[in-house]
Amino acid sequence: MRIASAQIWVHDQDVALKFWTEKVGMEVRQDVSLPDDNTPFRWLTVGPPGQNDVSLVLMAVPGPPIMDETTRRQVLDLTAKGFAGTVFLTTDDCQRSFEELRARGVEFTEEPHQMPYGIDSGFRDPSGNSVRLTQLAEIPANTG
């Protein structure tokens, strides 16, 4: 068993797609719209170049009948506040990746800083999702 994809809620799939591809540098994996008069649905995934077995689903927050309007508003609000989950990205050089992403217009909430597990930084996507960009330190596994 392997993880194939993980999902984040997005307020606008077109805005999210532009951010994740043009600013973060991911590539489109799937973009399929299923026409339905009652509940239109778009399956939209992106992923890091060279890591073809993992994708990030950019999922629009649905309304009725899938999700009642009160719940939909709560999900949108939690996402905007950065509390609907976190995407963890790793890199071999956090400072270089930070500079590249910032040059493409990514606004960081935390610049790279040393932590016990490596060099860590953070930013948010246009929907408010929390994203961590980390250069992991080599820490021996605890075998005891």
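The values are calculated or read from the model by the stated rules, or taken from the named source; none is laboratory data. Quick caveat: nothing in here was measured; it's all calculated off a predicted structure. Methodologically, a virtual Cβ is constructed for each residue, glycine included, from the backbone with ideal geometry; neighbour enumeration extends over all protein chains shown. All accessible areas refer to the heavy atoms of the entire protein, side chains included, with ligands and DNA or RNA removed. Shrake-Rupley method; radii C 1.70, N 1.55, O 1.52, S 1.80 Å.
Things worth noting here:
- The Cβ shell under 11 Å around Asp120 holds other residues with a net charge of -1, Lys and Arg each +1, Asp and Glu each -1.
- In the context of the full protein assembly, Ser130 retains an accessible surface of approximately 20 Å², using a probe radius of 1.4 Å and ignoring ligands and nucleic acids.
- Percentage relative contact order, the stretch 1-114, counting C-alpha pairs under 8 Å, at least six apart: 27
- Principal-axis analysis of the Cα atoms of the chain puts helix 69-80 at an angle of about 20° to the longest axis.
- Per residue, in Å², the accessible surface of the stretch 1-124 once ligands and nucleic acids are set aside, probe 1.4 Å: 63
- Segment Thr109-Trp43, length gained on full extension (0.36 nm per residue, minus Cα span): 20.9 nm
- Dipole of the stretch 64-144, positive end: most advanced residue of Phe88, Gln74, Asn142 [Cβ charges, Cα centre]: Gln74
- Relative to the dominant Cα principal axis of the chain, helix 94-103 is inclined by about 50°.
- In the complete set of protein chains, residue-level accessible area for Ile139 is approximately 100 Å², probe 1.4 angstrom.
- Under Karplus coefficients 6.51, -1.76 and 1.60, residue-wise ³J(HN,Hα) of the stretch 45-57 in Hz, glycine/proline x: 10, 10, x, x, x, x, 10, 6, 8, 10, 9, 10, 8
- Student exercise, the chain dipole from Lys, Arg, Asp, Glu Cβ charges, in Debye to nearest 20: 140
- For the chain, dividing the convex hull volume of the Cα atoms by the residue count gives 149 Å³ per residue.
- The stretch 1-46: relative contact order in percent, alpha carbon pairs under 8 Å with at least 6 residues between: 29
- Karplus-derived 3J(HN,Hα), 6.51/-1.76/1.60, for each residue of the stretch 108-123, Hz, glycine and proline x: 7, 8, 9, 6, x, 8, 6, 10, x, 9, x, 9, 10, 8, x, 8
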